[in-house]
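Trainee: Before I ask anything, here is the structure I am working with.
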Amino acid sequence: MTRVVLADDAVLLRTGLRRVLETEGLTVAADVGDAGQLLRAVADHRPDVAIVDIRMPPTWTTEGVRAAAAIQRDHPRVGVLLLSQHLERREALAVLEHRGAGGVGYLLKDRISDIDGFVAAVLRVATGGTAVDPVVVAQVLRRPAALAGVEVLSAREREILSRMAEGRSNAGVAAELHLAERTVEAHVRSIFTKLGLHEEPDSNRRVLAVLTHLSGG
């Protein structure tokens, strides 16, 4: 059974999310109102996923992002799903680029109108996948590096990219598709080249490739 820790300073929203998740069969191990309580709850309960509001007390700025980064560092198998009232592009990239073995996601609160879709996103992140709001994807990809869409990729490359979006490493993709790891590495390099994703000090090509896949572009 999927175990969740919720962190949001808004009691009504937190209570509503808990009710939705428990109705759908997930276990909410804890729901808390600030980043310190979140980190303690994750350490105590070791959930499959932490759902984290970006802005929490005491400053209501980036406490949630810092807590998410700490979870990724100290509990790399715990998925992190960020919720935000507004798009925070830099914060989105910070969390998306530093994922561990756990999944990662970024959803905008005002755009969550489909309960089934929200629960599916939580489950995807809990099992190592990626769930990012299309608006976030569009903003993150608004850069010269992402020039091409996935239609330029071969069928095998698209298959590999879809596994990358599920959180698989090159070794994991190789094992699942019964390919040599060096073959997967060659395909990944080809994906980067075809999508126009060159090595840059301030970007993570793997994240940008996955976001291109998620955008359907």
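Trainee: Using +1 at the C-beta of Lys and Arg and -1 at the C-beta of Asp and Glu, which of Ser190, Pro47, Leu108 has the Cα lying farthest in the positive direction of the dipole of the chain?
Mentor: Farthest towards the positive end: Ser190.
Trainee: By how many nm would the segment from Arg156 to Ala70 lengthen if fully extended, with 0.36 nm per residue of separation less the alpha-carbon distance?
Mentor: Contour length minus the Cα-Cα distance gives 27.4 nm.
Trainee: Given the Cα-Cα distance of Ala171 and Gln85 and 0.36 nm per residue of separation, how much length would full extension add, in nm?
Mentor: Length gained, Ala171 through Gln85: 27.3 nm.
Trainee: When you count, for each residue, the other Cβ atoms within 10 Å and take the mean per peptide, how do 177-183, 86-92 rank with the highest first?
Mentor: 86-92, 177-183
Trainee: Something else: Considering the convex hull of the alpha carbon atoms of the range 24-85, report its projected area averaged over all viewing directions, in nm², one decimal.
Mentor: Average of the hull's projected areas for the range 24-85 equals 4.2 nm².
Trainee: Sorted from largest to smallest, which semi-axis lengths in Å does the alpha carbon gyration tensor of the range 150-215 give for its equivalent ellipsoid, taking the root of 5 times each eigenvalue?
Mentor: Values for the range 150-215, descending: 18, 12, 11 Å.
Trainee: Let me ask you something else. How many nm is it between the label spots at His198 and Val11, if each spot is 7 Å from the Cα in line with the beta carbon?
Mentor: With each label point 7 Å from Cα toward Cβ, the separation is 5.5 nm.
Trainee: Any chance you could get the radius of gyration and Dmax over the Cα atoms of the range 41-127, in Å?
Mentor: Cα only, the range 41-127: 12.1, 32 Å (Rg, Dmax).
Trainee: Suppose only helical runs count, i.e. DSSP H with n ≥ 4. What mean residue ellipticity at 222 nm does that imply for the chain under -39500 (n - 2.57) per run, divided by all residues and rounded to the nearest 500 deg cm²/dmol?
Mentor: Result for the chain, helices only: -15000 deg cm²/dmol.
Trainee: Give the dimensionless ratio obtained when the Cα radius of gyration of the chain is divided by 2.2 N^0.38 Å.
Mentor: 1.01
Trainee: Here is a further query. Scan around Gly128 for amide H atoms under 5 Å from its own, H built in the peptide plane at 1.01 Å from N, and keep only partners 5 or more places away or cross-chain.
Mentor: Gly103
Bear in mind that the values in this text are calculations on the coordinates, not laboratory data. Small disclaimer: the values here were computed from a predicted structure and weren't measured. Neighbour counts run over all protein chains shown; Cβ positions are idealised from the backbone, glycine included.
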